[in-house]
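Below: the structure, in structure tokens.
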Amino acid sequence: QVRLVESGGGLVQPGGSLSLSCATSVSIRDIHVLAWYRQPPGKQRELVARISDGDYTNYAHSVQERFTISSDSSKDMVWLQMTNLKPEDTAIYYCYAQRYGFSYWGQGTQVSVSS
């Protein structure tokens, strides 16, 4: 069982920055995939960014060059640094982990981008 707790959401103006954090209940060295997903209002959940096989990262096309996913095994934490935020980034953001074939989700944190 892996428990994930997100924090850091909020309201930000277009062009602003925000950082999301996710604390894991087990060592991230024992987690095979770490990722951030988001679910915009009225839409399906979508992958934003992921880390797998150690440090291999990939991003949704819509967030490339603006978002950065990172992790720290000494803290068992994963972050999503978001810059140049746009109104279309408004969504509930979820931390995700995959470990030994099982998937785990955090409770989600709201990010709203509006002037």
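The values are calculated or read from the model by the stated rules, or taken from the named source; none is laboratory data. Predicted model only: the values in this text are computed from it and were never measured. FYI the Cβ positions are ideal-geometry reconstructions off the backbone, even for glycines, and counts take in every protein chain you see. What goes into the accessible areas is simple: the full protein's heavy atoms, side chains included, and nothing from ligands, DNA or RNA. Shrake-Rupley method; radii C 1.70, N 1.55, O 1.52, S 1.80 Å.
Values computed for the structure shown
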quantity: Count of segment 94-114 residues which are open to solvent by 40 Å² or more (accessible area, probe 1.4 Å) and either in a strand (DSSP E or B) or of a type in the set (Gly, Ala, Ser) (or both); calculated: 8
quantity: Unmet requirement for Ser52, which otherwise passes all of (1) in contact with a His (Cβ under 7 Å, 6 or more places away or on another chain); (2) modelled with pLDDT of 95 or more; calculated: (2)
quantity: Per-region count, segment 25-58, residues of a type in the set (Ser, Thr, Tyr), touching a strand residue (DSSP E or B) at 6+ places or on another chain (Cβ under 9 Å), open to solvent by 20 Å² or more (accessible area, probe 1.4 Å) and farther than 14 Å from Tyr93 by Cβ; calculated: 3
quantity: Among (1) open to solvent by less than 50 Å² (accessible area, probe 1.4 Å); (2) under 16 Å from Gly8 (Cα atoms) - the single one Trp79 does not satisfy; calculated: (1)
quantity: Residue ranges of strands (runs of 3 or more DSSP E) in segment 11-93 with at least 2 members among the β-branched types (Val, Ile, Thr); calculated: 46-52, 67-72
quantity: Residue list for segment 21-65, filter: under 21 Å from Lys75 (Cβ atoms) and hydroxyl-bearing (Ser, Thr, Tyr); calculated: Ser21, Thr24, Ser25, Ser27, Ser52, Tyr56, Thr57
